[in-house]
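The values are calculated or read from the model by the stated rules, or taken from the named source; none is laboratory data. The model shown is predicted, which means the values in this text are computed figures rather than measured ones. Cβ atoms come from the backbone with ideal geometry, glycine included; neighbour counts cover every protein chain shown. Keep in mind that these areas ignore ligands, DNA and RNA; they rest on the heavy atoms of the full protein, side chains included. Shrake-Rupley method; radii C 1.70, N 1.55, O 1.52, S 1.80 Å.
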Amino acid sequence: MQKKNSNTSARSRVLVLVDESNVGSSVRTVGRGLDWIKLRDFLAGPNTGRELIEMVVYAGLPPAMPIWQEERDKKNKFMQWLRSNGFMVVTKDGSPAEEGRYKANVDVMMAIDALELSVEMQPDVVILVTGDTDFAYLAIKLRRRGIRVEVASVSQNLGNILRSAANEVIDLAQLFRTFEMIQEPAPARAMPPRQNQQERRPQPQRPPNQQQPQQQRRPRRAFPRRQSVTDR
């Protein structure tokens, strides 16, 4: 029988659950793009001494409507990229909201999955990548099961209730500063007014009380009167 490696058996099994909308808005506030591979390695990569069970990303999709189709296709393409790079992805279709926006709240799905997956996968640690205080009670429920709960977010965007409900808080601000800056599109340059092919010559300035000389009318050319039938 092969002897197990003592170092391997001591590694904590980690389940990471990500609120995509929340962490995405947090990283954009510092003008950076989110590097998902770096985020995964930072939380439970080989250098952390932990064993990653799954990293599940919960994301809302634009409504399945023609007005949102282009943005929906772009989001689905990104979700496929996540799946192809080893992430587990859970999506929810959004519904139209006011002012041309949409809402797709994934909090309930994420909370239910956290409880179910903790039973099925038996993780030692659950990392909630969010700053939403709605997950505070979820953190307490997981801790009651003997699971260590860590919350990963930017400190300034982390609610105090969620902070106090977790075993530990992981500040992502330092990691975010290593991500690439978002390239803002250059502002459109104002085009100069279109000029006519023939440039207009400047008109001479006249004194205020001086009237413009009237043009002389040419004498009307006399045409022979058209004879009627009775004149003939």
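Of note:
- Any hit, region 94-107, residues being basic (Lys, Arg), over 23 Å from VAL119 (Cα atoms) and touching a Gly at 6+ places or on another chain (Cβ under 8 Å): yes
- LYS92 vs. criteria free of Cβ contacts under 8 Å to residues at least 60 places away in the same chain, loosely packed, with under 12 Cβ neighbours inside 10 Å and among the basic types (Lys, Arg): no
- Filter pass, VAL30 being at pLDDT below 95, surrounded by fewer than 17 Cβ atoms within 10 Å (Cβ to Cβ) and under 22 Å from GLU150 (Cβ atoms): yes
- Residue count for region 136-178, restricted to those that are in contact (Cβ under 8 Å) with a residue 60 or more places away in the chain and part of a helix (DSSP H, G or I): 4
- Selection count where residues are open to solvent by 50 Å² or more (accessible area, probe 1.4 Å) and either touching a helix residue (DSSP H, G or I) at 6+ places or on another chain (Cβ under 7 Å) or free of Cβ contacts under 8 Å to residues at least 24 places away in the same chain (or both), scope region 63-84: 15
- Residue satisfying all of: in region 134-170; open to solvent by less than 60 Å² (accessible area, probe 1.4 Å) and β-branched (Val, Ile, Thr); nearest to THR29 (Cα to Cα) among these: VAL154
- Residues within region 95-125 that are touching a residue at least 60 places away in the same chain (Cβ under 8 Å) and part of a helix (DSSP H, G or I), tallied: 7
- Condition met for ASP35 (farther than 18 Å from GLY131 by Cβ and among the acidic types (Asp, Glu)): yes
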